[in-house]
Amino acid sequence: MSKTPVKIGIIGGSGLDDPDLLEKREEKFVTTPFGEPSDALIEGQIRGVSCVLLARHGRKHSINPTNVNYRANVWAMKMLGCTHLVVTSATGSLREEVKRGDIVILDGFIDRTTKRQLSFFDGQEGHPAGVCHVPMHPAFCERTRQVLIDSARELGVPVHERGTVVTIEGPRFSTRAESEMFRSWGAHLVGMTQVPEAPLAKEAGLLYATVAMVTDYDCWKDSECVSTGDVLKTFQANVWKVKNILVDAVTKIAEQDWTEIVRAAKDLVSSNIM
């Protein structure tokens, strides 16, 4: 049996959508059954590996987290033949030990969104038929997560190998009461984009994993309260970590045989449609 060729979709969050990551770049504007993605999809290569890059919020950062067309973004990656979806996300820490500038490879999420389309299977004409009760454990592809962890370790980048993120609507930050509530739930981070991106990737049969960068402490600490200026400052000082991890992980992913895992991801979807 021949090895399944990999193609890696990369969705970059705030400032993590640098097209210079790719060689032999070509922009593609596509339309999906769910509308248009956030921006052009940029096809190219990283160290000879086929990749597709998309700016989650648009290249001018003009789309707020609630208004991102997550369904179109993920479906476009599927249309272009991606097997993996490796994404980046800026997040706030809910734990003292998870510090600004730290990297976290997420393994769980809690959904606190209320306004987003959560499934491709919505009964609308031209959309996939049926209802898909997709299992969400594990929430992220474990093997892809391990590649990201291995890359961080080999690069000497300190990494938290697990973390649960609470996904809120945004674009506002949390209140103190909300931040304390999220902490009481045992969550490690708060962010605005993992849902519905993660469940949609699973419905699409894509192997999904996230590199999260910690930019702030939300607002639970008496001495600090998140602000956009501080977030940008921390981000700019640490973005190199995420880029280096992505480049190294792409190479490692391409070296492995994903045939059975890709097949299992697709079978999971088909076996849970009613």
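The values are calculated or read from the model by the stated rules, or taken from the named source; none is laboratory data. Owing to the predicted nature of the structure, the values given are computational and were not obtained by experimental measurement. So basically every Cβ, Gly included, is an ideal-geometry build from the backbone, and we count neighbours across all protein chains shown. Note: accessible area is taken over every heavy atom of the protein model, side chains too, but ligands, DNA and RNA are not part of it. Shrake-Rupley method; radii C 1.70, N 1.55, O 1.52, S 1.80 Å.
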key: FRET efficiency estimate (nearest 0.05) - Cβ-Cβ, E97 to H133, R0 45 angstrom   = 0.80
query = For all pairs of alpha-carbon atoms in the stretch 206-269, what percent lies in each bin of width 5 Å, listed from the first bin to the last filled one?
reply = 3, 13, 16, 15, 13, 12, 9, 10, 7, 2
Difference of contour (0.36 nm per residue) and Cα-Cα distance, L155 to S227 = 22.9 nm
Accessible surface of W240 - all protein chains present, 1.4 Å probe, nearest 10 Å² = 130
request  = Would you kindly state how much longer the chain becomes between V30 and W240 on full extension, computed as 0.36 nm times their sequence separation minus their alpha carbon distance, in nm to one decimal?
outcome  = 72.6 nm
message = For R176, what accessible surface area do you get with a 1.4 Å probe? Give it in Å², rounded to 10.
response = 100
query = Where in the stretch 242-274 does the label zone of R143 land, with the point 7 angstrom along Cα→C-beta and an amide N cut-off under 17 Å?
reply = 249-269
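Counting only protein heavy atoms, what percent of the accessible surface of the chain is carbon or sulfur at a 1.4 Å probe?
Details: 6090 of 12050 Å².
Result for the chain: 51 percent of the exposed heavy-atom area is carbon or sulfur.
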inquiry  = Based only on Cα atoms, what mean projected area does the convex hull of the stretch 166-274 have, in nm²?
reply    = 9.4
message = Straight-line reach from K243: which lysines fall under 30 Å, measuring Cα to Cα and dropping same-chain residues less than 8 apart?
response = K3, K7, K24, K28, K60, K78, K99, K202, K221, K233, K252, K266
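Please figure out what share of the DSSP beta bridges in the stretch 93-224 is antiparallel and state it in percent, rounded to the nearest 5. Could you put the intermediate results ahead of the total?
On the way: 4 of 13 bridges.
Antiparallel bridges make up about 30 percent of those DSSP assigns within the stretch 93-224.
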query = Considering the stretch 112-151, what Rg and Dmax in Å follow from its alpha-carbon atoms?
reply = 15.0, 43
Cα convex hull of the stretch 1-141, projected area averaged across orientations, nm² = 11.1
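Semi-axes of the equivalent ellipsoid of the stretch 123-171: what are they in whole Å, largest first, if each equals the square root of 5 times a C-alpha gyration tensor eigenvalue?
33, 16, 11
Rounded to two decimal places and with Rh computed the Kirkwood way over Cα pairs, what is Rg over Rh for the stretch 101-230? The partial results should precede the final answer.
Details: Rg = 16.3 Å, Rh = 16.2 Å.
Reported Rg/Rh (Cα atoms, Kirkwood Rh): 1.01.
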Reciprocal mean inverse distance between Cα atoms of the chain - Kirkwood radius, Å = 18.7
request  = Between T114 and E260, take the C-beta separation as r, use R0 = 51 Å, and let me know the FRET efficiency to the nearest 0.05.
outcome  = 0.85
request  = Ratio to report: Rg/Rh of the stretch 19-90, with Cα atoms as the point set and Rh obtained by the Kirkwood method; give two decimals.
outcome  = 0.94
The chain - share of DSSP beta bridges that are antiparallel (%, nearest 5) = 35
request  = Work out the FRET efficiency for S271 and D122 from their Cβ-Cβ distance, taking R0 = 25 Å, and round it to the nearest 0.05.
outcome  = 0.80
key: For the stretch 16-79 and the stretch 127-196, distance of Cα centres in Å   = 20
message = Just to confirm, what accessible area per residue do you get for the stretch 1-81 at 1.4 Å probe, in whole Å²?
response = 46
